[in-house]
Each structure stands twice: as C-alpha cells, then as structure tokens.
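Only one structure is covered here, and it is reproduced in the block below.
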Amino acid sequence: MQTASHLHSFLYFSTRRNTIKPEGCMNMQISNSNVPIRKFCYTGRPQTCKFLVSVPPTRLFAFPNTDDGHPSLPVLDEDKNTNHAPNSEAETLLSKWSPPRYLWRGLSVLIMAGQVIIRTLKGKFHWRNTLQQLERVGPRSVGVCLLTSAFVGMAFTIQFVREFTRLGLNRSIGGVLALAFSRELSPVITSIVVAGRIGSAFAAELGTMQVSEQTDTLRVLGANPVDYLVTPRVIASCIALPFLTLMCFTVGMASSALLADGVYGISINIILDSAHRALKPWDIISAMLKSQVFGAIISIVSCAWGVTTLGGAKGVGESTTSAVVISLVGIFIADFALSYCFFQGTGDSLKSCI
C-alpha cells in the first residue's frame, strides 16, 4: 500500500462507457461539493478525463480495484481522530518490561535443581564426565581442605583450653572440640573451601561456554547440556564433600590434641577419651548430611550462574563472583535450618565428660 501526503492538481476518473468525445472541453458541476470547478478538458485517451481543480490537503491510500483494473483512491480526512495513545503507551510499557536479573536467575536455580533430580533418577547423565569431576572435587581438593581444618582446629583449641583449664574442666576439652567439629566446623569449613575453589571454577567454565556459544553447539549435536555439564558436577560434589568432611574432622581433632599436649600439657589420651564419650553416631551422620546438602547448593548455584552468563568476559567475572557469594550465603542459611532440625531440645552429650 502506498500513501500520498497531498493530492496533486489533477485527478483521473475512469468510466466504463465511452460517452466522451476524444478531444474537447466542457463545463461540469459536481453535486454535493463546495469545490469550484471552472472547466475541464479531456484528452484523446478514451474513458479518461482530466480535471483541473484545487483540492485541500488530504491523505490517500491506494487499493487495487478488481472491477476495472485501475487503483482506487479512498480519501482519509486528516480531521478524523485515530489517536490510540493510552493503549499504545500501555503496550509499549509491557513490551519493554523485563523481570530483574536476580529474579530469573533464582528461578533458574530451582528449575535446574529439578532437572538434575529428574535426570539423575532416570540415569541420564555422562558417566565419564562424572568420574572426571569427582576426581577434581575430591582428591584435588584434599590438601587445601585438610590444611584449613588443621589451623582452624588449633585456633579453637587455644580458646577452649584457656577457659576450661581455669574452670578445672580439662576432661571436657576433647568432648567440646569433637562436638564443635562434627556438628558445625568440619562441614561448614569444608564447604567454604570447596565453594571458593570448585564453585568458582564451575561458574567460570560454564559461563565461558555460554558466552562462546558452546552450549548451543551441544544442543545442535543432540546432547543435553544438563546431562553433560551440570548433572556430573552436582553428583560429584554431593559424593565428594561427605568424605572431605570426615577427613577434615579427623585432621582437626588430631591437630587439636597435638597442640593441647605439646603446649598446654593436656595428655592426648584425655582429649581422645573425652571426644569418644561425647560423640554419638548421629553427630557424624548429621555432618555428612550437611556436607551433602552444601555440595548440592554449591554445584547447582555455580552451574546456574554459569549458564545464565551474559556480556562476554566481564559477565564471566561477575557471574563467578556472584556464584561464590550466593553459595556462601546459601551454605550459612542451610546450616542454620539443618541445625535447627537436627539438634532440638536440651543436649546431654557432655554429661559423661565432666
């Protein structure tokens, strides 16, 4: 459809009957019209006449006429009100609105968690990639986890020994250290170290793959990115963290007993006997359950932040930082919720240590 802004000084009208002579001039008055017409001349072309009139500015639209094959020109007056501003403004606001980034990223975490659970139950994940990620999360993270746990254990031993020795409760030091390490320190410290080391790596890798469109390549090749990239990392984290927690608990207690014996003169046998009396099987089981939940939080959040990365290299860096921060916040919140569920009421674990 073509639009003309103004009508020119001549119009062409066609008629089916050849009642006009080939050439000549004649006077004519158009009914129901205020436009003065003095004279019109018709040319030698049959069925066509040329009007020399002055027409006010109008807007024209050309449509095909199926009757005679010539385009007809319906006139649209400019005075006609076709303004739909309120509706157009509402449509513009709705079309430009988009949910905040943190909102759809949070929803992506929940969606990805559901996909991982369903895929794991169906057995649709890459076994070889799972073993590679398990080696990466477990054996390659042992050194930094054990080193961190040893120094944290010695720092807590200094504080406990100073206060308990003054109260004459030397036989309770081992029990307090064992409960603190098994219930809180070992799973939380291990998860923090893994979040900083493994979670950042997960987010950076998947973010780079997303920015460079490698995940789209996997889809083109017929592979599901969740099966190949996300699920192996989640399974590896959930399996490796409980064992890392047990090793950190053992190293932390050993470093505490050595420091208490070498610096403060409290025998290692007293520390270990007190720990043996205070600990219960549920304390070790709760630590492993906590670490498994923490591993799932770290891996799912890091992978979700990675696959939703935007903005090139800068976006990869921002996603990596955000993934670690959100993982740490999630670990602390989950630790409070699990501790509240696991350890309710008054405890009697230290009665046998006094």
- Once you charge only the Cβ atoms, +1 for Lys and Arg and -1 for Asp and Glu, what is the size of the charge dipole of region 209-285 about its Cα centre, to the nearest 20 debye? 140 debye
- Run the 1.4 Å probe and let me know the accessible area of K280, rounded to the nearest 10 Å². 100 Å²
- Förster-model FRET efficiency, 35 Å R0, L350 and V263, C-beta, rounded to 0.05: 0.90
- Message: If each residue of separation counts as 0.36 nm, what is the full-extension length gain between F332 and R219 once their alpha-carbon separation is subtracted?
- Response: 37.1 nm
- D_trans [Stokes-Einstein, Kirkwood Rh over alpha-carbon pairs] for region 215-354, 4 °C, 1.567 mPa s, µm² s⁻¹: 71 µm²/s
- J(HN,Hα) series, region 200-212, from Karplus relation 6.51 cos²θ - 1.76 cosθ + 1.60, nearest Hz, glycine and proline x: 5, 5, 4, 5, 5, 5, 5, x, 5, 5, 5, 5, 7
- Query: Over the Cα atoms of region 183-298, Rg to Rh with Kirkwood Rh, two decimal places?
  - Reply: 1.20
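The values are calculated or read from the model by the stated rules, or taken from the named source; none is laboratory data. Source: prediction; values computed, not measured. Note: ideal-geometry Cβ built from the backbone for every residue, glycine included; neighbour counts use all protein chains shown. Heavy atoms of the whole protein, side chains included, go into the accessibility calculation; ligands, DNA and RNA do not. Shrake-Rupley method; radii C 1.70, N 1.55, O 1.52, S 1.80 Å.
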